[in-house]
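For reference, the structure I am asking about is given below.
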Amino acid sequence: MIVIFLGPPGAGKGTQAKRIVEKRGIPQLSTGDMLRAAVKAQTPVGLQAKAVMDSGNLVSDDIVAGIVAERIKEKDCRRGFMLDGFPRTLNQAELLDGILTDQSRELDIVLELQVDNEALVERMKTRIADTKAAGGDVRADDNEETFRHRLEVYNRETAPLIPHYGKKGVLFAVNGMKSIDAVSLEIDIVLDSVKDGVEGLH
Ligand code: AMP
């Protein structure tokens, strides 16, 4: 099953994605995590991406599409995968279409996690406080100003993917304002219906 997980920063995609991974046995491919790993390893991509990421802007479409195209060829993606944080622009969505076609694969579903913008800012502040309290490292792009900028970038660049996938008939919206367990349950119901309907056809 090939799933795109769509939603603004801080909507809880990471938390929900981990649960889906455990339950469905498909890997979560987070372009943010992959880019952060590249930054840490100081690869050429990482060196190029660091300043862009720290400012809350988007890394170039070609770089992220290239990373994804290679990653999904790996063995653990054979039964499917969940894209978290990609595509983020209409151009990336088109690049993804090309990548999937080249690899004779097909997208099954786009899950949209819907969360109110102000609630996201509050969640982000809690996430920082919790991370600090636990002695962890706070992400360079986790501060209120950069976070609000990331939200703006999401609304401008990524939100247009919602009607785009809606027209294709693959979009399912989930209410991300409920509790973590309630959101998981809703996602499970949606993914089960996809599994029953289309898995095995690809
Ligand atoms: P995330 O962990 O998904 O919030 O991503 C953190 C940062 O990585 C973003 O603010 C972007 O700078 C960069 N990034 C992650 N995924 C993408 C993508 N698909 N396209 C462009 N930039 C991305």
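Every number here is computed from the coordinates shown, using simple stated rules; none is lab data. As the structure is a computational prediction, the values presented were derived from the model and not from experiment. Backbone-built Cβ (ideal geometry, glycine too); neighbour counts: all protein chains shown.
Has the range 11-18 got at least one residue that is surrounded by 22 or more Cβ atoms within 10 Å (Cβ to Cβ), touching a residue at least 60 places away in the same chain (Cβ under 8 Å) and of a type in the set (K, R)?
Checking the range 11-18: at least one residue is surrounded by 22 or more Cβ atoms within 10 Å (Cβ to Cβ), touching a residue at least 60 places away in the same chain (Cβ under 8 Å) and of a type in the set (K, R).
While we're here: Which residues, counting only those in the range 131-147, are surrounded by 11 or more Cβ atoms within 10 Å (Cβ to Cβ), of a type in the set (D, E, K, R) and out of contact with any helix residue (DSSP H, G or I) (no Cβ under 7 Å at 6 or more places or on another chain)? Show your work before the answer.
Taking the range 131-147 and keeping what is surrounded by 11 or more Cβ atoms within 10 Å (Cβ to Cβ), we get 131-132, 138-144, 146-147.
From what's left, of a type in the set (D, E, K, R): 132, 139, 141-142, 144.
Hits for the range 131-147 are K132, R139.
Taking V21 as meeting all but one of (1) touching a strand residue (DSSP E or B) at 6+ places or on another chain (Cβ under 7 Å); (2) more than 22 Å from D137 (Cα to Cα); (3) within 14 Å of the ligand (Cβ to nearest atom), write down the number of the exception.
In the conditions (1) touching a strand residue (DSSP E or B) at 6+ places or on another chain (Cβ under 7 Å); (2) more than 22 Å from D137 (Cα to Cα); (3) within 14 Å of the ligand (Cβ to nearest atom), V21 misses (3) alone.
Which is surrounded by 12 or more Cβ atoms within 10 Å (Cβ to Cβ) and of a type outside the set (A, V, I, L, M, F, W, C), of K125, K73?
Checking each option against the conditions leaves just K125.
Scan the range 102-118 and tell me whether some residue there is part of a helix (DSSP H, G or I), within 25 Å of I20 (Cβ to Cβ), within 15 Å of the ligand (Cβ to nearest atom) and among the hydrophobic types (A, V, I, L, M, F, W, C).
No, because not a single residue in the range 102-118 is part of a helix (DSSP H, G or I), within 25 Å of I20 (Cβ to Cβ), within 15 Å of the ligand (Cβ to nearest atom) and among the hydrophobic types (A, V, I, L, M, F, W, C).
So, of the residues in the range 83-113 that are in contact with a Gly (Cβ under 8 Å, 6 or more places away or on another chain) and under 22 Å from E144 (Cβ atoms), which turns out to be surrounded by the most Cβ atoms within 10 Å (Cβ to Cβ)?
The residue in question is G85.
A quick yes/no check of all residues on (1) basic (K, R); (2) in a loop (DSSP other than H, G, I, E, B); (3) within 11 Å of the ligand (Cβ to nearest atom):
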| position | (1), (2), (3) |
| --- | --- |
| A17 | no, no, yes |
| L29 | no, no, yes |
| M34 | no, no, yes |
| A38 | no, no, yes |
| L47 | no, no, no |
| K50 | yes, no, yes |
| D62 | no, no, yes |
| E70 | no, no, no |
